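The block underneath contains the structure these notes are about, expressed in structure tokens.
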Amino acid sequence: MLQAIRYSDGNLTILDQLQLPYTEEYVSIRTTVEAWHAIRDMRVRGAPAIAIVAALSLASELSGLISNNILPTSAGEVKDLITDKLRYLITSRPTAVNLHETSRKIMGLVSNYTSDPAATGHDTAIIVIQEAESMLVKDLEDNQKIGQNGNNWIIAKAISPDSPKATVLTHCNTGSLATSGYGTALGVIRALASSNTLRHVFCTETRPYNQGSRLTAFELVHDNIPATLITDSMAAALLTRTNPKVNAVVVGADRVAANGDVANKIGTYGLAILARHHGVKFLVAAPRTTIDLSTNSGDDIVIEERPSSEVTTIKGASDTRDARGNLVINTVSIAADGIDVWNPAFDVTPSTLVDAIITEVGVAEKDSRGKFHLYDLF
Ligand code: MRU
């Protein structure tokens, strides 16, 4: 299985997603500062992966302080150090809630432990290291459950006995590269493939960062899943087709508000409108760490805006190779010089357009009045 995040005994490396799909290179992350830059520059991305890398970078940094014998002995000082690092890490990217939730959880554990007068600096750090390590394992388990729950829901509610295999459209990258492994929406697709219920997957290119063509296509090819790449503007035409008939659009999420509004990769909202118009199920697959009950609705979600260069340039492999036969990666301009650019990384899909939210503990659907009850998942 593809692994975007590797960690063992204080050593963290991540697959550099800026170089995919051309080069598979792992880069080492030793500190929270290195993690902040890797997250901001999107060497690692995807809501769960961002949170896990941030937590493991803190674990790595604390392990380094312990092995160099420079960790403060007082629990209070270590608590302050951890608080500062977490406050800094959450400034890397604002929209995905998983990192905020992780920081809140770690701070809760640390505050709880350090309220004991016998607490030590060393054991405060160990609590954080153990929590970060367990996140890596738990996220993978949760994704496998999400996959199974999504598979069962699609079989029960999105396909018919006369055509018992599903054709699915997905957006952005929600797979092994966006999580600790398996994936959320891509996990549902993997589960459909394993149960022999998948006919075909369509993945969007996902402009401007091309998570679909670079990363999801890479994972689908890697796993031998029958798949076709489309540009974002082809989705409407695809949904008009009866052969193949798309049964469901399945996407991930960066933050699900308490009312079921979903912040996800820019373009998700458009797909949800298309799905509703064409009578296609629109499903959101996300772990409970992506559900933010403290955010009432999508109006309260901060949408990250990214540099204009992501829209005005494109990076790719040239069709010629260098003298040694290596691929040549170039960045080229694709827009008129001087044009103004708007580059929101995410949009918000209102809950009215969402048919179901697939989590590791079950699938949430709306009641007869059209309301989700996401509190029931906790
Ligand atoms: O900007 P990105 O690549 O971090 O955005 C990723 C997405 O929008 C994903 O759909 C979302 O994080 C879910 S990943 C399991």
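No lab work stands behind these numbers, since they all come straight from the coordinates. None of these values were measured; they are calculated from a predicted model. A quick note on method: Cβ atoms are made from the backbone with ideal geometry, for glycine too, and the neighbour counts reach across all protein chains shown.
Quick notes on this structure:
- Acute angle (nearest 10 degrees) that the helix 121-157 long axis makes with the longest principal axis of the chain, alpha-carbon atoms: 10 degrees
- Under 5 Å from the amide H of ALA227 lie the amide H atoms of VAL201, each residue being 5 or more positions distant or on a separate chain, with H modelled from the backbone and absent for Pro and chain starts.
- Theoretical gain in end-to-end length, LEU229 to VAL361 [0.36 nm per residue, Cα-Cα removed]: 44.4 nm
- Theoretical gain in end-to-end length, ASN196 to ALA237 [0.36 nm per residue, Cα-Cα removed]: 12.1 nm
- Note on ILE329 and THR91: with the Förster distance fixed at 41 Å, the Cβ-Cβ geometry gives a FRET efficiency of about 0.90.
- Efficiency of FRET from Cβ geometry, LYS315 and THR83, R₀ 41 Å, rounded to 0.05: 0.65
- Among 206-215, 189-198, 323-332, the peptide with the highest mean count of other Cβ atoms within 10 Å heads the list, and the full ranking is 206-215, 189-198, 323-332.
- Based on Cα contacts under 8 Å between residues 6+ apart, the range 5-139 shows a relative contact order of 26 percent.
- Vicinal HN-Hα couplings computed from phi for the range 283-289 (Karplus, 6.51 cos²θ - 1.76 cosθ + 1.60; Hz; Gly/Pro x): 10, 10, 10, 7, x, 5, 5
- Potential extension, ASN69-VAL137 segment - 0.36 nm per residue separation minus Cα distance: 21.6 nm
- Backbone phi angles across the range 56-71, fed through the Karplus curve with coefficients 6.51, -1.76 and 1.60 (θ = phi - 60°), yield HN-Hα couplings of 5, 5, 5, 4, 4, 5, 5, 4, x, 5, 5, 5, 8, 6, 10, 6 Hz in residue order; Gly and Pro are listed as x.
- Measuring against 25 Å, Cα to Cα, the residue pairs LYS138/LYS315; LYS138/LYS281; LYS85/LYS315; LYS145/LYS165 contain LYS138/LYS315; LYS138/LYS281; LYS85/LYS315 as the ones spanning a longer distance.
- Measuring against 20 Å, Cα to Cα, the residue pairs LYS79/LYS105; LYS245/LYS371; LYS105/LYS265 contain LYS245/LYS371; LYS105/LYS265 as the ones spanning a longer distance.
- Seen against the Cα atoms of the chain and their longest principal axis, helix 98-114 is set at about 30 degrees.
- From the largest down, the range 214-370 spans 64, 39, 29 angstrom on the principal axes of its Cα atoms.
- Inter-label distance, nm, simple model (7 Å from Cα along the C-beta direction), LEU293/LEU377: 1.2 nm
- Diffusion coefficient (Stokes-Einstein, Kirkwood radius over C-alpha pairs, 37 °C, 0.692 mPa s) for the range 1-80: 247 µm²/s, rounded to a whole number.
- Its residue count N sets the reference 2.2 N^0.38 Å, and the alpha-carbon radius of gyration of the range 5-139 equals 1.02 times that reference.
- 222 nm mean residue ellipticity, helices alone, for the chain (DSSP H n ≥ 4; -39,500 (n - 2.57); rounded to 500): -11500 deg cm²/dmol
- Normalised per residue, the volume of the convex hull around the Cα set of the range 59-100 (Å³): 71 Å³
- Globularity ratio of the range 90-196, using Cα Rg and 2.2 N^0.38 Å: 1.47
- The distance from the alpha carbon centre of the range 316-360 to that of the range 254-315 is 16 Å, rounded to a whole number.
- Among the trypsin sites (Lys or Arg not before Pro) found in the range 52-142, not one is both in a DSSP coil and sparsely packed, with 10 or fewer other Cβ atoms within 10 Å of its Cβ.
- Orientation-averaged projected area, Cα convex hull of the chain (nm²): 21.1 nm²
- Less than 5 angstrom separates the built amide H of ALA248 from those of THR167, LEU169, all sequence-distant by 5 or more or on a different chain.
- Percentage relative contact order, the chain, counting C-alpha pairs under 8 Å, at least six apart: 16 percent
- Computed 3J(HN,Hα) for the range 246-256, one whole-Hz value per residue from the Karplus formula 6.51 cos²θ - 1.76 cosθ + 1.60 where θ = phi - 60°, is 6, 8, 7, 9, 10, 10, x, 8, 9, 7, 10, glycine and proline marked x.
- Folded to 0 to 90 degrees: helix 75-89 orientation relative to the chain principal axis, Cα: 30 degrees
- The range 269-334: proportion of alpha-carbon pairs further apart than 16 angstrom, %: 74 percent
- Convex hull volume of the Cα atoms of the range 96-153, normalised per residue: 89 Å³.
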